[in-house]
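Visitor: Once you've had a glance at the structure underneath, I'll fire off some questions.
The values are calculated or read from the model by the stated rules, or taken from the named source; none is laboratory data. Note that the structure is predicted; figures quoted are calculated from it, not measured. In this analysis, Cβ positions are derived from the backbone assuming ideal geometry, glycine residues included, and neighbour counts consider all displayed protein chains. Accessible surface is based on the protein model in full, side chains and every heavy atom, while ligands, DNA and RNA are left aside. Shrake-Rupley method; radii C 1.70, N 1.55, O 1.52, S 1.80 Å.
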Amino acid sequence: MSTMSLEQLVDEHKRITAYAEVEYDRLNVGTGNKILQNAKPIKEEILKRVDKSDFMQLLKLVEQGVLSIVEFEKYKKIGEEEHKIISNNIAKLSEECGELTQIAMKSLIHGVNSSNPKTGETNRELLQVEMTDVIASIYHFAKLIKLELPDEMIQKRTEKLIRLYGDIDE
């Protein structure tokens, strides 16, 4: 089933439910119910692949007979909640990036080892805090949207940065 496209899954679901309807018309309720049991895993696979915050995609599934109106309303509500959570996390990630940008600019102007005269904190310490906040926000957001951040990809991007901007050997 995992090798089938979303469209193929929907077509298979339609085929099975249409066959079940034929059995119901023949008054073979038991057979119809057994046939519908075969449609459940297909429906579950379809719902795994669908972005529940994409209301148009959910409506299309209603039109195709995969979802009922009641199910649509349920997933629409879930989608709205997911959208709110994702939006809040995008805002938090943006805020953390802004804070890192501020301390990075202060470090550029005053130096990494200079300190805040009021708090005594060095720019190096503040960079560590803000970088950690950004990394935590990135990892959390990636987890929310089911986005993998492969180590190999991070390594390649790091090597590119070193190639472009240099590195300090210790």
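Visitor: Quick one: what pairs do we get from segment 136-160, first residue without any contact (Cβ under 8 Å) to a residue 40 or more places away in the chain, second in a helix (DSSP H, G or I), C-beta under 7 Å, 6+ apart or different chains?
Guide: Close Cβ pairs satisfying both conditions: L149/A142.
Visitor: Something else about it: Just to be sure before I move on: is E152 open to solvent by 100 Å² or more (accessible area, probe 1.4 Å) and either over 24 Å from the mean Cα position of the chain (by Cα) or charged (D, E, K, R) (or both) in the structure I sent?
Guide: yes
Visitor: Filter segment 60-94 for residues that are polar (S, T, N, Q) and open to solvent by less than 80 Å² (accessible area, probe 1.4 Å) and give the result.
Guide: Q64, S68, S87, N89, S94
Visitor: Sticking with this one: Can you tell me which residue among R49, R26 is open to solvent by 60 Å² or more (accessible area, probe 1.4 Å) and more than 29 Å from the chain's Cα centre (by Cα)?
Guide: On the way: R49 fails: more than 29 Å from the chain's Cα centre (by Cα).
Only one candidate passes the filter, namely R26.
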